[in-house]
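The values are calculated or read from the model by the stated rules, or taken from the named source; none is laboratory data. All values derive from a computational prediction rather than experimental measurement. All Cβ positions, glycine included, derive from the backbone under ideal geometry; neighbour counts span all protein chains shown.
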Amino acid sequence: MSLPGHGRVVAPPIQPEEPTRPELLPNRRLVIRARRRMLGDVNGKWSKCLPYVFMLVAALSRWPKLFPPNFSAFYGLAFCAGAFFPRNVKWWLPLGTLVVTDIALDVFYYRSVSGMQLVNYLAYALIILFGTRFNHRSRFLGLLAGGIVGAFLFYLVTNTASWLSNPEYTKDLAGWIKALTTGTAGYPTTLQFFLNTLMSGGLFTGLFAGALKLNAAAESAKEKEPEEEPAEAPEGEETPEEGKA
């Protein structure tokens, strides 16, 4: 029998670490889902607000003498409304904004009403209808070209109506070409107005379509992002079972 303090020293046994219970691990999946839901709510609210933000910009762009004649954000906006806006607002929102701003301008600035405004509404409605042939999956250059075509459509419809209604134009091919090129005396030529229409149509279509496509791409990336799996217990460790019999 060995005396205390003599002989081999025996180390105390090492207590095995208790394995981490999976249910005690932080539930990262719930955290990730909550964060994505919050970001999705922000993106969703921003997507719903964009049409109204663009409409406000277009309405302010009609302020008298802010831009050259026929230089307007509404050509691009009408096209993008047809291509991007939700079905329940793509018609009434741009056309309603046009009517309201026209009434305000007629009452407080021009102090007159022109029957050509009805022709303008028809032209904008045709641009919206043309825009419905496009969507957020369309190429940016295709959208840009579509906005320019929409501006050309506005020029063609409104100046043809002017040719039909204005007695200064002869009602033949020569009179129609004059309405599309030189216009009436005492005003800038129709081609000058047309150049402003084309430039503003391309510019604002590019701005509006670019912003809407970027927003759609961001939402699509969030939806396709794979969920991160929670950390698993190291291989070889068994999950402890609740009180075995």
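Residue 142 meets the conditions (1) at negative phi; (2) small (Gly, Ala, Ser); (3) not in a helix (DSSP H, G or I) in every case but one. The failed one is (3). Considering (1) loosely packed, with under 15 Cβ neighbours inside 10 Å; (2) out of contact with any helix residue (DSSP H, G or I) (no Cβ under 6 Å at 6 or more places or on another chain); (3) at pLDDT 55 or above, the lone condition that residue 68 does not fulfil carries the number (2). Evaluate the stretch 146-159: report whether one residue or more is surrounded by 15 or more Cβ atoms within 10 Å (Cβ to Cβ), more than 28 Å from the chain's Cα centre (by Cα), more than 21 Å from residue 91 (Cβ to Cβ) and at pLDDT 95 or above. Checked the stretch 146-159: at least one residue is surrounded by 15 or more Cβ atoms within 10 Å (Cβ to Cβ), more than 28 Å from the chain's Cα centre (by Cα), more than 21 Å from residue 91 (Cβ to Cβ) and at pLDDT 95 or above.
Residues of the stretch 72-84 include at least one that is crowded, with 18+ Cβ neighbours inside 10 Å, in contact (Cβ under 8 Å) with a residue 12 or more places away in the chain and part of a loop (DSSP other than H, G, I, E, B). Being in a helix (DSSP H, G or I) and either under 21 Å from the mean Cα position of the chain (by Cα) or among the acidic types (Asp, Glu) (or both) is true of residue 53. Among the residues of the stretch 208-226, those identified as modelled with pLDDT of 65 or more and among the hydrophobic types (A, V, I, L, M, F, W, C) are 208, 209, 211, 212, 214, 216, 217, 218.
Restricting attention to the stretch 89-134, the residues that are loosely packed, with under 13 Cβ neighbours inside 10 Å, at pLDDT 90 or above and outside any helix (DSSP H, G or I) add up to 1.
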